[in-house]
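The values are calculated or read from the model by the stated rules, or taken from the named source; none is laboratory data. Nothing here was measured: the structure is a model prediction, and the numbers come from that model. Here Cβ is always computed from backbone atoms with ideal geometry, including for glycine, and neighbour counts include all displayed protein chains. The accessibility values were calculated without ligands, DNA or RNA, using every heavy atom of the protein model including side chains. Shrake-Rupley method; radii C 1.70, N 1.55, O 1.52, S 1.80 Å.
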Amino acid sequence: FSPKTVDQRLSIIAIDDASLTAIGQWPWPRKIYADLFKKLEQVKPAVLGFDIMLAEPSRLGGKDDQALALDLDLISYPIVMPVEISPEVKPLPLFADSKNVDLGHVNLIVDADGLVRKFPPQASFGLKIAVAADVSPDIKSLSEKERIVYAGHTGKIKRISFHQVL
């Protein structure tokens, strides 16, 4: 496919080596994510696709989880969190049930040669993000297995290191 235009409003907040060095051992305390959500209030994103599966309780205990859950309800923008359909894995209910959280599946269809060329779009993570940002395609026109049309090479979307946002 020929390269496509990338919406310049789109950014990736990357969990990269620099962030792991600056913030510390993975998995991070939930407070780190809460700090990010609060920091993003300054720019009020249309939506945040939060591609971290919070399916298990925090290793720091229930207070860490509760603090993040409270902050999720205080933000002014929607967040889409990932869910896997088979086997079913989703965020803990105290996160998934927030008024500001929607769930989108991240399952992919892997072809026999090991490449990903198609995805089931109806409730996908990407489509949920597009809908929340009010830039969604005509959902009725999408097939059950939609072909992925990549926008271009890796690095075409602006990346910001997680620790730099904080």
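Is it fair to say residue 6 is in contact (Cβ under 8 Å) with a residue 12 or more places away in the chain, β-branched (Val, Ile, Thr) and either in contact with a His (Cβ under 7 Å, 6 or more places away or on another chain) or open to solvent by less than 20 Å² (accessible area, probe 1.4 Å) (or both)? Spell out the reasoning first.
Numbers: in contact (Cβ under 8 Å) with a residue 12 or more places away in the chain: yes; β-branched (Val, Ile, Thr): yes; either in contact with a His (Cβ under 7 Å, 6 or more places away or on another chain) or open to solvent by less than 20 Å² (accessible area, probe 1.4 Å) (or both): yes.
Yes.
List, please: which pairs have Cβ atoms under 6 Å, are six or more places apart or on different chains, and start with a residue in the stretch 37-64 that is touching a residue at least 40 places away in the same chain (Cβ under 8 Å) and end with one that is crowded, with 18+ Cβ neighbours inside 10 Å and among the charged types (D, E, K, R)?
Once the first residue is touching a residue at least 40 places away in the same chain (Cβ under 8 Å) and sits in the stretch 37-64, its partners that are crowded, with 18+ Cβ neighbours inside 10 Å and among the charged types (D, E, K, R) give 37/71.
Condition (residue is of a type in the set (S, T, N, Q), within 24 Å of residue 159 (Cβ to Cβ) and either over 13 Å from the mean Cα position of the chain (by Cα) or open to solvent by 70 Å² or more (accessible area, probe 1.4 Å) (or both)) applied to the stretch 78-87: is it met by at least one residue?
no
Is it the case that the stretch 53-62 has a residue that's crowded, with 17+ Cβ neighbours inside 10 Å, more than 18 Å from the chain's Cα centre (by Cα) and farther than 19 Å from residue 163 by Cβ?
Yes: the stretch 53-62 contains one or more residues that are crowded, with 17+ Cβ neighbours inside 10 Å, more than 18 Å from the chain's Cα centre (by Cα) and farther than 19 Å from residue 163 by Cβ.
If you check residue 99 against the conditions, is it in a loop (DSSP other than H, G, I, E, B), closer than 27 Å to residue 37 by Cβ, open to solvent by 50 Å² or more (accessible area, probe 1.4 Å) and modelled with pLDDT of 85 or more? Break it down into steps so the answer makes sense when it comes.
Values: in a loop (DSSP other than H, G, I, E, B): yes; closer than 27 Å to residue 37 by Cβ: yes; open to solvent by 50 Å² or more (accessible area, probe 1.4 Å): yes; modelled with pLDDT of 85 or more: yes.
When the stated conditions are applied, residue 99 passes them.
Just checking, which of 54, 20 is among the hydrophobic types (A, V, I, L, M, F, W, C), within 24 Å of residue 157 (Cβ to Cβ) and part of a helix (DSSP H, G or I)?
Going through 54, 20 in turn, just one is among the hydrophobic types (A, V, I, L, M, F, W, C), within 24 Å of residue 157 (Cβ to Cβ) and part of a helix (DSSP H, G or I): 20.
Which of the numbered conditions does residue 67 fail, given that it passes all the others? Conditions: (1) open to solvent by less than 70 Å² (accessible area, probe 1.4 Å); (2) at pLDDT 95 or above; (3) in contact with a helix residue (DSSP H, G or I) (Cβ under 7 Å, 6 or more places away or on another chain); (4) closer than 20 Å to residue 31 by Cβ.
(2)
Do any residues in the stretch 92-115 that are β-branched (Val, Ile, Thr) have Cβ atoms under 6 Å from those of residues that are modelled with pLDDT of 85 or more and surrounded by 10 or more Cβ atoms within 10 Å (Cβ to Cβ), where the two are at least six apart or on different chains, and which pairs are they?
Note: pairs meeting the criteria are 101/79; 101/81; 106/82; 106/125.
Within the stretch 124-137, can you find the residues that are open to solvent by 70 Å² or more (accessible area, probe 1.4 Å) and either under 13 Å from the mean Cα position of the chain (by Cα) or without any contact (Cβ under 8 Å) to a residue 60 or more places away in the chain (or both)?
Within the stretch 124-137, just 131 meets the criteria.
Can you tell me which residue among 121, 91 is modelled with pLDDT under 90, in a loop (DSSP other than H, G, I, E, B) and surrounded by 15 or more Cβ atoms within 10 Å (Cβ to Cβ)?
121
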